[in-house]
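Participant: Dumping the structure here so I can ask a few things about it.
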Amino acid sequence: MFTPSGLGLEANAVLKHSLRTLFYTAHLILVTETENPRSRPPLSFGFRPSGEPTATTIGPLKTWVLTRTAWERSPAYRRA
């Protein structure tokens, strides 16, 4: 999750670079979304929801999944 001052093109570039690096060895990435709307992963990167939100002591968490195949087929990957 990026802070409000770290949003925009720079954050987009960092996320693309990070995903490329992670997918050298990973086949699946899981992330969680908090109640903060800015914590949601970008759909244009290929992230898809996985299951229902889970109640936790810090609030509900929603899990998102990104596979290597979905990333490589995403508009964000093709634009990089």
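The values are calculated or read from the model by the stated rules, or taken from the named source; none is laboratory data. Owing to the predicted nature of the structure, the values given are computational and were not obtained by experimental measurement. Glycine gets a Cβ as well: all are built from the backbone with ideal geometry, and neighbour counts include every protein chain shown.
Participant: Filter the range 14-41 for residues that are under 14 Å from Ala76 (Cα atoms), exposed (fewer than 15 other Cβ atoms within 10 Å of the Cβ) and modelled with pLDDT of 90 or more; which is nearest to the chain's Cα centre (by Cα)? Let's see the steps before the verdict.
Facilitator: Filtering the range 14-41 down to residues under 14 Å from Ala76 (Cα atoms) leaves 14-20, 41.
Those still in the list that are exposed (fewer than 15 other Cβ atoms within 10 Å of the Cβ) too: 14, 17-18, 20.
Narrowing the set further to residues that are modelled with pLDDT of 90 or more leaves 17-18, 20.
On the way: His17: 12, Ser18: 10, Arg20: 12 Å.
Across the range 14-41, the extreme among qualifying residues is Ser18.
Participant: Checking Ala11 against (1) modelled with pLDDT of 90 or more; (2) touching a Phe, Trp or Tyr at 6+ places or on another chain (Cβ under 7 Å); (3) not charged (D, E, K, R), only one condition comes out false. Which one?
Facilitator: Against the list (1) modelled with pLDDT of 90 or more; (2) touching a Phe, Trp or Tyr at 6+ places or on another chain (Cβ under 7 Å); (3) not charged (D, E, K, R), Ala11 comes up short only on (1).
Participant: Those residues that are exposed (fewer than 14 other Cβ atoms within 10 Å of the Cβ) and over 21 Å from Val14 (Cβ atoms), I need them from the range 42-72; list them, please.
Facilitator: Result: Arg48, Ser50, Gly51, Glu52, Thr54, Ala55, Thr56, Thr57, Ile58, Gly59, Pro60, Thr69.
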